[in-house]
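Novice: Starting off with a structure, shown below.
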Amino acid sequence: MLFGKYVNNFYRKYFWFFFFGIVALIVVDYFQLLIPEIFGNLIDGAESGTIFTNHQELNKAVMWIGCIAIIMFTGRFTWRYCIFGVGVRIEADMRDMMFLHSEELSYSYYKKHKTGALMALYTNDLQTIRSYFGQGTIMLIDFIFLGAIALVKMFIINWIITLVILIPAVGIAICSLFLGKRMEEKFRVRQQAYEDLSDFTQENFTGISVIKAFVKEEEEKKEFNNINTDNYNKNMAFLRYYMLLSIAITLILNLIVAGIFAGGVYFIAGTSFNFTIGNLTEYVSYFNTLTWPMMAIGQLINLRSQAKASLGRVSELLDEVPEIRDENVITSQIQGKITFNHLTFQYSDADTPILSDISFVINKGQMVGILGKTGSGKSTLVDLLLRMYNVPANSILLDDVDIMKLSFKQVRDNIGYVPQDNFLFSDTVRNNIAFAFNADEVDDKAIVDSAILSDVHDNIVEFAQGYQTILGERGVTLSGGQKQRVSIARALIKNPPIMIFDDSVSAVDTKTEEKILTNLRNLRHNKTTIMVSHRISTVKDLDMIILLDEGKVVAIGNHNELLKSSPLYQEMVRLQTLEEEVNND
Ligand code: ATP
Ligand code: MG
């Protein structure tokens with residue numbers, strides 16, 4: 001049995017499944033052990049000849065066997081359905097619980113944990129927990145009941161032989177525990193080799209364009225060959241060990257059976273003990289039945305330690321407290337005024353602040369640019385505005401209300417965001433654009449309108465399936481610029497009081513950029529819009545530009561003001577004009 005705060009309630013929830021499953025298993029175990037006795041009696045009857053004269057005895061035996069077969073069939077079906085079913089149900093419940101919790105966790109959690117490791121929790125660890133609740137329960141019950149009943153019956157038939165064979169039997173149980181541990185280690189190594197192989201293959205296919213561009217195919221083939229050979233060797237090592245182990249155990253068990261026969265013949269021939277040929281066959285059958293619980297106990301102990309470790313890892317995820325939580329929230333109508341008030345921010349794992357003493361005010365309806373070189377802290381600033389991280393009290397205000405006092409749902413609902421990485425889902429273009437809503441809540445016109453505003457409509461209608469075109473791995477691959485524009489359309493359709501574009505027009509040419517900016521100016525009239533960029537062309541016509549450098553605000557003003565006052569801005573304009581000239585030549 002496995003206990004822990006996340007699994008205890010399953011015993012109550014699935015009590016009847018456990019109950020009927022275990023009862024059925026015990027019934028099957030009991031009836032299964034009646035068969036050797038009937039066979040034993042039949043053999044004794046055949047030997048003495050009574051069975052040939054007394055047909056009633058034979059008929060009774062056959063009927064009994066028939067009844068037992070029906071009971072075992074029903075019982076086996078019941079326990080399999082109930083006990084394996086419990087495993088599968090618990091796995092599904094836990095997966096639900098984990099996913100619901102994962103969705104609540106803050107963005108920072110995902111920055112710290114690798115997706116691969118998280119996926120392993122959802123696959124390997126949950127499977128181990130399922131096996132323990134399924135197979136583990138069966139092993140435990142079989143060990144207790146099948147083992148105990150078989151052993152008692154063996155004692156009753158011949159306690160001397162039973163005492164003698166108990167020594168190697170206990171030995172096998174203990175060995176199976178230790179050898180099982182070693183086998184598990186080999187299994188783990190084999191599993192790791194397989195993971196390496198699959199990681200390599202996946203990365204190779206994902207990065208195939210880089211590999212081809214750098215003509216690295218031959219090196220990749222060699223590398224693959226090494227990893228594949230390693231995988232082969234570890235598989236073979238496991239297989240060799242496994243084969244040797246199972247052959248050795250079968251050999252020892254057969255030796256014990258031979259010993260039982262030798263002892264049995266001795267007792268049959270002797271007169272001191274009432275021991276018949278029928279008793280001997282019955283006894284050997286019990287012994288054969290006993291081998292499973294003997295081995296099961298070793299497997300059970302190993303499985304339990306694996307399941308405990310897996311439950312520990314899963315609990316760690318479930319124990320994780322979301323960093324961003326709502327406390328004492330107040331509701332406020334967000335109009336679009338943004339104030340940064342001496343904000344300093346440092347990532348929890350960094351030594352120095354990424355943003356220092358940031359102060360500025362953006363009034364409702366302004367269209368503002370945040371300009372800065374790469375790494376200057378622009379995306380961090382925007383993430384803070386979306387409340388992806390906690391900030392000191394009163395350092396960011398929305399309409400003069402501390403952002404920490406607003407619920408993060410309220411904050412994010414009122415802000416449209418076009419992220420820098422433009423992630424799109426493997427779904428239709430339509431569903432991607434309508435992402436902020438339920439797909440059937442949005443009419444086609446709204447979708448087309450926002451695609452027109454972000455200047456991607458013409459591209460979409462050129463696809464054979466138009467807005468129904470599936471994007472992503474199993475569908476059409478969009479160009480960088482098309483992706484950006486679909487991502488813009490997805491945010492525009494919300495048209496909230498505040499919109500943030502994080503470097504969202506960097507992959508489109510300046511003419512398209514101009515078109516999108518003009519559309520935005522019309523659509524966003526009287527609403528706050530923030531354009532993050534490292535390109536002067538994006539921000540030069542905006543109402544205000546906030547120039548960031550190494551996490552500090554170095555200048556604020558419009559294009560002409562900054563041209564006069566800020567040496568850094570002048571330098572950026574000079575360099576980008578030069579760049580443009582070179583590109584145009
Ligand atoms: P770009 O124009 O290239 O998008 P940016 O101005 O948006 O750059 P940010 O992404 O805000 O820059 O990053 C600012 C600094 O913060 C960088 O030095 C980056 O390495 C660091 N940084 C970003 N995310 C984290 C994080 N989760 N933990 C620690 N440091 C981070
Ligand atoms: Mg950025």
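Novice: In segment 343-358, is there at least one residue being near ligand 1 (Cβ under 9 Å from one of its atoms) and among the aromatic types (Phe, Trp, Tyr)?
Specialist: Yes.
Novice: Could you list all residues from segment 244-267 that are over 30 Å from ARG182 (Cα atoms) and surrounded by fewer than 16 Cβ atoms within 10 Å (Cβ to Cβ)? Quick ask: steps written out before the conclusion?
Specialist: To start, the set of residues in segment 244-267 that are over 30 Å from ARG182 (Cα atoms) comprises 260-267.
Matches in segment 244-267: PHE261, ALA262, VAL265, TYR266.
Novice: Oh, and also: Return the residue satisfying two criteria in turn: it lies in segment 201-243 and is among the small types (Gly, Ala, Ser) and at pLDDT 85 or above, and of such residues it is surrounded by the fewest Cβ atoms within 10 Å (Cβ to Cβ).
Specialist: ALA213
Novice: Right, next: Does GLY147 satisfy being surrounded by fewer than 20 Cβ atoms within 10 Å (Cβ to Cβ) and touching a residue at least 60 places away in the same chain (Cβ under 8 Å)? It would help to see each step written out before you state the result.
Specialist: Details: surrounded by fewer than 20 Cβ atoms within 10 Å (Cβ to Cβ): no; touching a residue at least 60 places away in the same chain (Cβ under 8 Å): yes.
In short, no.
Novice: How about segment 349-371: which of its residues are among the polar types (S, T, N, Q) and either part of a strand (DSSP E or B) or touching a helix residue (DSSP H, G or I) at 6+ places or on another chain (Cβ under 7 Å) (or both)?
Specialist: SER356, SER359
Novice: In segment 329-367, what residues are within 16 Å of ligand 2 (Cβ to nearest atom) and buried (at least 20 other Cβ atoms within 10 Å of the Cβ)?
Specialist: Matches in segment 329-367: PHE345, LEU355, ILE358.
Novice: Filter segment 408-426 down to residues that are buried (at least 17 other Cβ atoms within 10 Å of the Cβ) and either among the hydroxyl-bearing types (Ser, Thr, Tyr) or away from ligand 2 (no atom under 16 Å from the Cβ) (or both), then give me how many there are.
Specialist: 8
Novice: Follow-up. In this structure, does ARG325 turn out to be part of a loop (DSSP other than H, G, I, E, B), assigned by TED's automatic domain parsing to the domain that holds ASN526 and either farther than 30 Å from LEU523 by Cα or touching a residue at least 12 places away in the same chain (Cβ under 8 Å) (or both)? Before the answer, list the steps.
Specialist: Values: part of a loop (DSSP other than H, G, I, E, B): yes; assigned by TED's automatic domain parsing to the domain that holds ASN526: no; either farther than 30 Å from LEU523 by Cα or touching a residue at least 12 places away in the same chain (Cβ under 8 Å) (or both): yes.
Here the answer is no, as ARG325 does not meet what is asked.
Novice: Residues in segment 479-502: is at least one away from ligand 2 (no atom under 16 Å from the Cβ), within 25 Å of GLY336 (Cα to Cα) and surrounded by fewer than 18 Cβ atoms within 10 Å (Cβ to Cβ)?
Specialist: Yes, because at least one residue in segment 479-502 is away from ligand 2 (no atom under 16 Å from the Cβ), within 25 Å of GLY336 (Cα to Cα) and surrounded by fewer than 18 Cβ atoms within 10 Å (Cβ to Cβ).
Novice: Taking PHE31 as the residue in question, decide whether it is among the aromatic types (Phe, Trp, Tyr), in the same structural domain as VAL88 (by TED's automatic domain parsing) and buried (at least 17 other Cβ atoms within 10 Å of the Cβ). Show your work before the answer.
Specialist: Numbers: among the aromatic types (Phe, Trp, Tyr): yes; in the same structural domain as VAL88 (by TED's automatic domain parsing): yes; buried (at least 17 other Cβ atoms within 10 Å of the Cβ): yes.
Against the criterion (among the aromatic types (Phe, Trp, Tyr), in the same structural domain as VAL88 (by TED's automatic domain parsing) and buried (at least 17 other Cβ atoms within 10 Å of the Cβ)), PHE31 qualifies.
Novice: Which one of the conditions (1) crowded, with 17+ Cβ neighbours inside 10 Å; (2) within 16 Å of ligand 1 (Cβ to nearest atom) does MET295 fail to meet, given that it meets all the rest?
Specialist: (2)
Novice: Report, by residue number, each residue of segment 445-491 that is of a type in the set (Asp, Glu) and either in a strand (DSSP E or B) or within 35 Å of the chain's Cα centre (by Cα) (or both).
Specialist: Residues of segment 445-491 that are of a type in the set (Asp, Glu), as a first pass: 449, 455, 458, 462, 473.
GLU473 - this is the single residue of segment 445-491 that is of a type in the set (Asp, Glu) and either in a strand (DSSP E or B) or within 35 Å of the chain's Cα centre (by Cα) (or both).
Novice: Limited to segment 78-115, what total is found for residues that are within 16 Å of ligand 1 (Cβ to nearest atom) and touching a Pro at 6+ places or on another chain (Cβ under 9 Å)?
Specialist: Total satisfying the criteria: 3.
Novice: A further question on this structure: Right, ASN363: at positive phi, modelled with pLDDT of 90 or more and away from ligand 1 (no atom under 16 Å from the Cβ) or not?
Specialist: For ASN363, the condition - at positive phi, modelled with pLDDT of 90 or more and away from ligand 1 (no atom under 16 Å from the Cβ) - is not met.
Novice: Quick one: in segment 373-407, which of the residues that are more than 32 Å from the chain's Cα centre (by Cα) and within 16 Å of ligand 2 (Cβ to nearest atom) is surrounded by the fewest Cβ atoms within 10 Å (Cβ to Cβ)?
Specialist: THR374
The values are calculated or read from the model by the stated rules, or taken from the named source; none is laboratory data. Owing to the predicted nature of the structure, the values given are computational and were not obtained by experimental measurement. With ideal geometry, Cβ positions are generated from the backbone for all residues, glycine too; neighbour counts draw on all protein chains shown.
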